[in-house]
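Down below is the structure, laid out as structure tokens.
The values are calculated or read from the model by the stated rules, or taken from the named source; none is laboratory data. Please read all numbers here as calculations on a predicted model, not as lab measurements. Quick reminder, even Gly has a Cβ in these numbers, built from the backbone with ideal geometry, and neighbours come from all protein chains shown. Only protein heavy atoms, including side chains, enter the accessible area calculation; ligands, DNA and RNA are left aside. Shrake-Rupley method; radii C 1.70, N 1.55, O 1.52, S 1.80 Å.
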Amino acid sequence: MNKGRIDALLGIVFGDEGKGKVVDVFTPRYDVVARFAGGPNAGHTIIFEGKKFVLRSIPSGIFAEDKTNIIGNGCVIAPDLFMQEAKELESAGYTLKDRLHISKRAHLILPTHRVLDRAYEAAKGKNKVGTTGKGIGPTYSDKASRIGMRVGDILENFEEKYNKLKARHEQILKDLHFTDYDITEEEKVWKEGIEYMRGFNLSDTEIEINRLLAEGKNVLAEGAQGTMLDIDHGTYPFVSSSNTTSGGVCTGLGVGPTAIRDVYGIFKAYSTRVGSGPFPVELFDETGDTLREIGHEYGAVTGRNRRCGWVDLVALKYAIMVNGVTKLIMMKSDVLDTFDTIKVCTAYKRGDEVMTEMPFETEGCEAVYTEVPGWKTDLTKMTSEAEFPQAFKDYIAYLEKELQTPITILSVGPDRAQTIER
């Protein structure tokens, strides 16, 4: 019997690329969909049959009733938010408890983690990272400090472990003089979430995934955020707290690198970023506003305005390199339908220095652009590559040549049906 393989689906810039939609489209080809990093700070929006869902912790393969979905050990979970998300899906008619498996090694986000998140941001003053306030960073900090609580801890001596970690957090908050908070009601719902989670399959998912691979089953690893938010390779310190790159698939699911087949890199036909941090291609003019409005660029979790700019080849080339991307997926091509000309960032400039490779520090860098003709055509009704206008075909060919990687899928609208494979 042939062993199964894993394909990874990753955002390769600053996240918000539309991973959820593509996972939903890809799911019929796989037996398992598994999240390997991040937590409820990631909002994956999926639209089909006139319905809209925003998933935060649950893998985007959950809408296919015959598929197994796994939340891997590299993820962090807030029981109260997980309960809310799961119950919304159950109310919409989807069964979860037999199909959604949660790693016992995934870490728990406590209510006090969220308070710590706010306290740490407040302490930074003007140098705020721009977190979602969901407690992600403090939870991963506890994980690295070897004091965190894991999902498996809810099965034995839970109250003792919880109270010990809560007391530690409260002392830190006291030391920070951040004492104006009340988690009484939040904690009550959080503990309801703990009870709710006990009804799920809490397992050693790394053993389960490797068993499924040995049986010839194929797995789609679903990423969260994007490469430029990776804790190691992103625009540190304005990053997430986990490894969002392909290396995170191995550590976040407990599989070897030889199991990975294709690495799909998802990017938009332009660029966006949420939160603080350097963004050389950011547009502060009417063009940036136009991209935001046409693209509905507002955070799925926070509702925050996304910062918008032209596509950034410096960032894309770097992301393709560190992830070993084999195939590219370009999202939101239709957002550029009305532009006469389109700009492409081909280099960064700082002072007299021009850089075509990602520098250690991008603060103070300006984008160097190349202009290409726009296609001035509505792409949203198109169903095949043959219908594409020549200027759009030229844009695709230009990007493929520069990135040395094929663009195999193009999205021309938000619905799952508006996805064209080449």
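Here are the numbers:
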item: Cβ-Cβ under 6 Å pairs, at least 6 apart or on other chains, segment 140-159 side closer than 17 Å to GLU206 by Cβ, far side in a loop (DSSP other than H, G, I, E, B) and open to solvent by 20 Å² or more (accessible area, probe 1.4 Å); result: ARG150/ARG105; VAL151/LYS104; GLY152/LYS104
item: Test for MET321: is it out of contact with any helix residue (DSSP H, G or I) (no Cβ under 9 Å at 6 or more places or on another chain) and under 25 Å from GLY223 (Cα atoms); result: yes
item: Residues satisfying the stated conditions in segment 74-102, i.e. in a loop (DSSP other than H, G, I, E, B), over 16 Å from the mean Cα position of the chain (by Cα) and either among the charged types (D, E, K, R) or surrounded by 22 or more Cβ atoms within 10 Å (Cβ to Cβ) (or both); result: ALA78, LYS97, ASP98, ARG99
item: Enumeration of residues in segment 238-281 that are more than 16 Å from the chain's Cα centre (by Cα) and within 30 Å of ILE294 (Cα to Cα); result: ALA269, TYR270, SER276, GLY277, PRO278, PHE279, PRO280, VAL281
item: Residue in segment 49-60 that is of a type in the set (Val, Ile, Thr), under 19 Å from the mean Cα position of the chain (by Cα) and assigned to a loop (DSSP other than H, G, I, E, B) present; result: yes
item: Wholly enclosed strands (runs of 3 or more DSSP E) of segment 356-422 bearing at least 2 residues at pLDDT 95 or above and open to solvent by less than 50 Å² (accessible area, probe 1.4 Å); result: 366-373, 407-411
item: Checking TRP375 against (1) free of Cβ contacts under 8 Å to residues at least 40 places away in the same chain; (2) under 30 Å from PRO40 (Cβ atoms); (3) among the aromatic types (Phe, Trp, Tyr), the condition it does not meet; result: (2)
item: Positions within segment 182-203 being open to solvent by less than 60 Å² (accessible area, probe 1.4 Å) and in a loop (DSSP other than H, G, I, E, B), in sequence order; result: ILE183, GLY199, PHE200
item: Members of segment 288-307 that are open to solvent by 40 Å² or more (accessible area, probe 1.4 Å), outside any strand (DSSP E or B) and not basic (Lys, Arg); result: ASP289, THR290, GLU293, ILE294, HIS296, THR302, GLY303
item: Index of the failed condition, LYS343 passing every other in (1) among the basic types (Lys, Arg); (2) more than 16 Å from GLU400 (Cα to Cα); (3) part of a strand (DSSP E or B); result: (2)
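Results for (1) crowded, with 16+ Cβ neighbours inside 10 Å; (2) modelled with pLDDT under 90; (3) under 25 Å from the mean Cα position of the chain (by Cα), shown as yes or no for each residue.
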site	(1), (2), (3)
LEU116	yes, no, yes
GLU121	yes, yes, yes
THR139	yes, no, yes
ILE147	no, no, no
LEU173	yes, no, no
